[in-house]
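One structure below.
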Amino acid sequence: MDFFVELMGYLGGFFIMLSFIPQVIKSYKTKKVDDISTGLAIASVIGGIFWEIYGFMVNSMPLIIMNGIFCILVVILLVLKLKYNKV
């Protein structure tokens, strides 16, 4: 049962990360970030940080690992947004 529970956590995290990877790659290649919502990215990082804290509190490796990677991806998007945003 524990294996199945952990597997669900890893799969959920994997697919959430998978949804952001194409955007990071596209933004890096095209240097176009006008359509990326800064508010969404900031809220995602803040939410990810809280999930990370929760993961440590409940000692859940899927939450810790997957949210850590997710936060890194969103921070990369924010950095690209700051770097390439046309103001």
Unique residue being more than 11 Å from the chain's Cα centre (by Cα) and at pLDDT 90 or above when the list is Ile46, Ile76, Ile53, Ile69: Ile53
Where Val58 falls short, out of the listed (1) buried (at least 18 other Cβ atoms within 10 Å of the Cβ); (2) free of Cβ contacts under 8 Å to residues at least 24 places away in the same chain: (1)
Among (1) loosely packed, with under 15 Cβ neighbours inside 10 Å; (2) of a type in the set (Phe, Trp, Tyr); (3) touching a helix residue (DSSP H, G or I) at 6+ places or on another chain (Cβ under 6 Å), the one test that Phe50 misses: (3)
Subset of the stretch 19-47 [farther than 16 Å from Lys81 by Cβ and surrounded by 13 or more Cβ atoms within 10 Å (Cβ to Cβ)]: Gly47
Residue within the stretch 22-39 that is out of contact with any Cys (no Cβ under 7 Å at 6 or more places or on another chain), in a helix (DSSP H, G or I) and closer than 25 Å to Phe4 by Cβ present: no
Any hit, the stretch 25-33, residues being among the aromatic types (Phe, Trp, Tyr) and either at pLDDT below 90 or under 11 Å from the mean Cα position of the chain (by Cα) (or both): no
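Return the total of residues in the stretch 9-18 being surrounded by 11 or more Cβ atoms within 10 Å (Cβ to Cβ) and either free of Cβ contacts under 8 Å to residues at least 24 places away in the same chain or over 30 Å from Ser60 (Cα atoms) (or both). Working first, answer last.
So in the stretch 9-18, the residues surrounded by 11 or more Cβ atoms within 10 Å (Cβ to Cβ) come out as 9-14, 16-17.
Next, from what is left, pick out any that are either free of Cβ contacts under 8 Å to residues at least 24 places away in the same chain or over 30 Å from Ser60 (Cα atoms) (or both): 11.
Result for the stretch 9-18: 1.
The values are calculated or read from the model by the stated rules, or taken from the named source; none is laboratory data. Not measured: the values here are computed from a predicted model. Virtual Cβ from ideal backbone geometry, glycine too; neighbours counted across all protein chains shown.
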